Amino acid sequence: MPFSDHCEPLVDKPADLDVLFAALMQSSQTENWRYIEVRPLHPLCGAASLFRATEPYCFHRLDLRPSLDELYRSLQKDSIERKIRRAGREGLVCETGRTETLLAKFYQLMLITRRRHGLPVAPREWFQNLVKYLGDALTIRVASKDGQPVAAILTLCFKSTVLYKYGCSDARFHSLGGMPFLFWKTIEASKKDGATELDLGRSDLDNLGLITFKDRLGATQSTLTYLRFPEGRSKTASASWRIRLAKQIFGYLPDGFLAAAGKLLYPHIG
């Protein structure tokens, strides 16, 4: 699926992987593809040796097999556990589901968050299609204070794994502990449903704040490396300058223009 952080090749044995990659590389030449990218969690062998590693990411996963009490004790005391208690004292309410009303609250918080980060937001139709086609495998959780949405997360479920895919919040209410509160609600619900792992996804290596937050949830950290054929190119200084300029522009766009920019750009990324 577009925007997947990782995906293992769907083969039964290494020989199948060689056949798959050989066919892909042939197609890339005949159809003039810019590149092929593979996003495995584990090292690949055989024909994969022709692929070259691109810039790595930090990957987190939380083992849900311990008891709920053990998982709570593994939370960082000050920045996570204390904020969960603060959310309780503040009377934060967690709404769970996939209704159009919940999606609207989630999307408004997503607009706020993407502007804060200087990034375009995915089209609303993208999230509507996720809800439509993934059904019960998708869950939206919104934390509200006196009816005001303050934070939201969107998770997916496959077999015994729950995948954290999107998170957003209103910075004016960060002190209320909305995000730690929602993650704990997700852990509780996942345990109840029999899940054994919470996949917290990838983080850019320079996003130390996000990496630290996931560490403090008690998650295990590893390196996620994508492979490309032909070899991927590193970011150039000029590309970095363009990215910084774009972030400044996106940071000031009104909601309508920010959403329109995402609708224009997102079909070409992911």
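Read the figures in this text as sums done on the coordinates, not as results from a lab. Please read all numbers here as calculations on a predicted model, not as lab measurements. Here the Cβ is made from the backbone with ideal geometry for all residues, glycine too, and neighbour counts use every protein chain on show.
Measuring from centroid to centroid over Cα atoms, what is the spacing of segment 10-36 and segment 92-138 in Å?
Comparing the Cα centres of segment 10-36 and segment 92-138, I get a distance of 34 Å.
Can you tell which of THR99, LEU205, LEU176 lies farthest toward the positive end of the dipole of segment 58-224, using +1 and -1 charges on the Cβ of basic and acidic side chains (Lys, Arg; Asp, Glu)?
LEU176
Could you work out how much longer the chain between SER27 and ARG172 gets when fully extended? Use 0.36 nm per residue separation minus the Cα distance between them, nm to one decimal. Walk me through the numbers on the way to the answer.
Numbers: separation 145, 0.36 × 145 = 52.20 nm, distance 5.01 nm.
Roughly 47.2 nm would be gained on extension.
When the chain is fully extended, how far beyond the present Cα-Cα distance does ALA137 get from ARG116, taking 0.36 nm per residue of separation? It would help to have the intermediate numbers written out before the result.
Working: separation 21, 0.36 × 21 = 7.56 nm, distance 2.90 nm.
Length gained between ALA137 and ARG116: 4.7 nm.
How far is it, in nm, from the label point at ASP193 to the one at SER4 when both lie 7 Å from their Cα along the line to the Cβ?
1.9 nm
Once R0 is set to 41 Å, what does the formula 1/(1 + (r/R0)^6) return for the Cβ-Cβ distance between ASP206 and LEU50, expressed as a FRET efficiency to the nearest 0.05?
Calculated transfer efficiency: 0.90.
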